[in-house]
Ligand SMILES: C[S@@+](CC[C@H](N)C(=O)[O-])C[C@H]1O[C@@H](n2cnc3c(N)ncnc32)[C@H](O)[C@@H]1O
């Protein structure tokens, strides 16, 4: 299929205004015919200084509206502009491909329709978390789940590795709206985690700032206090390893026999 | 300088910090934040349904050769 006029690139400005945006991302924004964005309102104001046609997608959320519908409308807005022959840039805060369905789906659809479409990486919430909390995901391994998916489906977790749960504010959400869930749903989550960790195991809620004038929020508390924790829609839950790594003697023996050690 | 430009400078330049701001700069930032106090941020960008068939069959990532 010949590549048609009109293109889509999804970029991420990172988390902190000014501090995280790559020069390439800024150039994409300033050179676009139209920019669609879903970021914190202050970040959107900043992005508006880079291009005269920046359209916020945040207005597509509605208090009682199914988020699935919101995401479909976001995708449709991006694709329509591409079909109109525009160089379209979608700006999604953090990394545009991390726990963000619209950029992936829109890029796939644009490609299927014969348009050029791709993604540029950005600095995500977990990239900030590793830096601010001094966590190396390679030290013990690190698992990331969307909290509700972790709750709705039977997942096995490895308590010898870090566990990061995203969208904690929507934990166990069956309404599908942008509303936050509460202590009852977090009690269910706590009970699931108690199958792997002790009640006094220390866990943390992490929130990266979005302005360079702010500090990260890192609140440590025992797992048994999760239901009453101070949670917002930008909270990410960090569960450090609760068990020691167990050596795999059989495999090490096998490897030794190969290397002759 | 507008509040956004001041914030951008603080974000971009590791040698600049709040203590170097003039009273006027601080007031600009304060005014911006006050004006935005009621503007809601909607950070969710992904949704999982309890019985979503999409989630049951993981997709093979596309192989790309550069
Ligand atoms: C839909 S995901 C989007 C993630 C984003 N694309 C990124 O690159 O980080 C939303 C979730 O990311 C995490 N998140 C978003 N903003 C955050 C922040 N400022 N600090 C910590 N975690 C954040 C939270 O777990 C939130 O529920």
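Throughout, read-outs are computed from the coordinates displayed, never taken from laboratory work. All figures in this text were calculated on a predicted structure; none of them were measured in a lab. Note: ideal-geometry Cβ built from the backbone for every residue, glycine included; neighbour counts use all protein chains shown.
State the antiparallel share, in %, of DSSP beta bridges confined to the protein assembly as shown, rounding to the nearest 5.
35
Please sort A:15-23, B:12-20 by packing, taking for each peptide the average over its residues of neighbouring beta carbons within 10 angstrom, highest first.
A:15-23, B:12-20
Please report A:179, A:186, A:215 as a ranked list, fewest other C-beta atoms within 10 angstrom at the top and most at the bottom.
Ascending number of Cβ neighbours within 10 Å: A:215, A:179, A:186.
For peptide A:160-169, compute the average count of partner chain beta-carbon atoms within 10 Å of each residue's beta-carbon.
Taking all residues of A:160-169 together, the mean is 1.
With n ≥ 4 as the cut-off for DSSP H runs, can you work out [θ] at 222 nm for the protein assembly as shown, using -39500 (n - 2.57) per run divided by the number of residues, rounded to the nearest 500?
-10000 deg cm²/dmol
Determine the relative contact order of chain A: mean sequence separation of Cα pairs under 8 Å and six or more apart, normalised by residue count, in whole percent.
Value for chain A: 21 percent.
Taking only Cα atoms, what is the 0 to 90° angle, nearest 10, from helix A:67-83's long axis to the longest principal axis of chain A?
That works out to roughly 40 degrees.
Average partner chain C-beta neighbours within 10 Å, per residue of B:5-16?
For peptide B:5-16, the averaged partner shielding equals 5.
Averaged over its residues, how many other protein chain Cβ atoms are within 10 Å of peptide A:116-124's Cβ atoms?
Mean partner shielding for this stretch: 0.
Could you work out the relative contact order of the range A:123-237? I mean the mean sequence separation of Cα pairs under 8 Å and 6+ apart, divided by the number of residues, in percent.
26
With axes computed from alpha carbons, what is the tilt in degrees of helix A:183-193 against the longest principal axis of chain A, rounded to the nearest 10 within 0 to 90?
For A:183-193 against chain A, the angle is about 50 degrees.
If a/c stays under 1.5 just call it rounded; otherwise compare a/b with b/c (prolate if a/b is bigger, oblate if not). Do that for chain A, with a ≥ b ≥ c from the square roots of the Cα gyration tensor eigenvalues.
prolate
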